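Participant: There's a structure below that I have some questions on.
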Amino acid sequence: MKKAVLILLKLAITTGLLWTIFREPAFRAAILQHVGSMFTHWPWTLAGLACVGTSTWLSAQRWHVLLKGQQQEVSNAEVVRVTFVSNFFNITSLGVVGGDAYRVLALKQRYGFKRLPLMVSVMLDHMLGMVGLSLLFLTCRFIFSDQLSSLSPEVRAILEGFELFMFGSLLLVIVSAISFTPRLYNWGEKQWPRMLGYAPLKNFATACDALLRDWRGSLFGTFLSMALFIAHFLSFYCAIYAVGGTAPVMEVLAAMPIVDTVAGLPFSVSGLGVREKTFETLIHALTGLPQTLAVSASLVGWLMGVVWGLIGGLIFISGVRPNFVDLEEMPTS
């Protein structure tokens, strides 16, 4: 019952946001016209698709590095295949069968790996993703800091608030990697057994320790995180040109971490509505791109991801499919 309510809530939020964006007939007509331009400006559309594919491949390389750090030996080709298929579940899932759940299930059932190392690798994957995203945003934010005074108070508040969030997230990962060593955690567990003896927290500590133990892999994973986010965000930069707009690349790279983070919150279906509204607000404020073009570019950027997600779906249908059992114990996207 609880899951059904959450799914209905997601659908309601998505529907409400999309209605808010597209309620004006003239606005809808303009957006449809701009979206149709992606076929006219097809070189930019192909470039955007290439960026999404590159981002997904880099994501697979990062996870492969982390799997090695957990002593889970699997071929790079298999990790790439599973990563592309997981995108299909990320764009289609309303319930618990998300991309992370598929990644764990696919390797566990096909190769007999233990669940904990796989779940730890997925957890580390997200943690290094946060590190890479933080470093990328803070770098872009520093580069165009002189333009901050020309923005509206609302947009400045969004950028400054997200800057604090990125600093906090980066600090949390660093402190966790330093603090949660087995020796220190065991000492703390003896002092506060009821709190630190909690199994999920101990798993989190294990994940953090792997960041420090395999520090070379962590550094390489951080580099891959920044590279994959740049490729992913450039797909939306290409989408702006595909719909007939123009925008400075640095401002787009600065806005996209906020857009991507908000769209990733479990409030809507595949980020629809949330992504478009955030993209419209920030890109218009930072680049002056007309709102109809901004919304159109956001939709085209999302469609580029859908194309690769559907390719992942075809790979899933044509390959070995795991048995989706015990999903309550699997991580979700």
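The values are calculated or read from the model by the stated rules, or taken from the named source; none is laboratory data. Please read these numbers as outputs of a predicted model, since none were measured by experiment. Reconstructed Cβ throughout: ideal geometry from the backbone, glycine too, with neighbour counts over all protein chains shown.
Participant: Using the structure shown, decide if residue 156 is basic (Lys, Arg), modelled with pLDDT of 75 or more and closer than 30 Å to residue 286 by Cβ.
Facilitator: It is true that residue 156 is basic (Lys, Arg), modelled with pLDDT of 75 or more and closer than 30 Å to residue 286 by Cβ.
Participant: Name the one entry in 113, 137 that is more than 18 Å from residue 220 (Cβ to Cβ), in contact (Cβ under 8 Å) with a residue 24 or more places away in the chain and not in a helix (DSSP H, G or I).
Facilitator: Checking each option against the conditions leaves just 113.
Here is a yes/no grid of residues against (1) in contact with a helix residue (DSSP H, G or I) (Cβ under 9 Å, 6 or more places away or on another chain); (2) modelled with pLDDT under 90; (3) surrounded by fewer than 19 Cβ atoms within 10 Å (Cβ to Cβ):
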| site | (1), (2), (3) |
| --- | --- |
| 261 | yes, yes, yes |
| 267 | yes, yes, yes |
| 273 | yes, yes, no |
| 292 | yes, yes, no |
| 298 | yes, no, no |
| 323 | yes, yes, yes |
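Participant: Restricting to the stretch 140-175, what's the tally of residues that are of a type outside the set (Val, Ile, Thr), over 22 Å from the mean Cα position of the chain (by Cα) and part of a helix (DSSP H, G or I)?
Facilitator: 11
Participant: Look through 205, 231 and report the one residue that is under 23 Å from the mean Cα position of the chain (by Cα), in contact (Cβ under 8 Å) with a residue 60 or more places away in the chain and either under 30 Å from residue 285 (Cα atoms) or assigned to a helix (DSSP H, G or I) (or both).
Facilitator: So the residue among 205, 231 that is under 23 Å from the mean Cα position of the chain (by Cα), in contact (Cβ under 8 Å) with a residue 60 or more places away in the chain and either under 30 Å from residue 285 (Cα atoms) or assigned to a helix (DSSP H, G or I) (or both) is 231.
Participant: Out of 253, 212, I need the residue that is touching a helix residue (DSSP H, G or I) at 6+ places or on another chain (Cβ under 7 Å), under 23 Å from residue 137 (Cβ atoms) and surrounded by fewer than 24 Cβ atoms within 10 Å (Cβ to Cβ). Which one?
Facilitator: On the way: 212 fails: under 23 Å from residue 137 (Cβ atoms).
Checking each option against the conditions leaves just 253.
Participant: Next up: Every residue in the stretch 84-103 that is hydrophobic (A, V, I, L, M, F, W, C) and at pLDDT 90 or above, please.
Facilitator: 84, 85
Participant: Among the listed residues 115, 81, 110, 103, which satisfies the condition of being crowded, with 19+ Cβ neighbours inside 10 Å and basic (Lys, Arg)? Spell out how you get there, then give the answer.
Facilitator: Working: 115 fails: crowded, with 19+ Cβ neighbours inside 10 Å; 81 fails: crowded, with 19+ Cβ neighbours inside 10 Å; 110 fails: crowded, with 19+ Cβ neighbours inside 10 Å.
When all the criteria are applied, what remains is 103.
Participant: Moving to a separate point now. Look at residue 130 and say whether it is in a helix (DSSP H, G or I) and at pLDDT 90 or above.
Facilitator: yes
Participant: Do you know which of the residues in the stretch 55-79 that are in contact with a His (Cβ under 8 Å, 6 or more places away or on another chain) and farther than 17 Å from residue 260 by Cβ is modelled with the lowest pLDDT?
Facilitator: The first filter runs over the stretch 55-79 and keeps only residues in contact with a His (Cβ under 8 Å, 6 or more places away or on another chain), leaving 55, 74, 76, 79.
Those left that are additionally farther than 17 Å from residue 260 by Cβ: 74, 76, 79.
On the way: 74: 89, 76: 92, 79: 94.
So, considering only residues that are in contact with a His (Cβ under 8 Å, 6 or more places away or on another chain) and farther than 17 Å from residue 260 by Cβ, the one modelled with the lowest pLDDT is 74.
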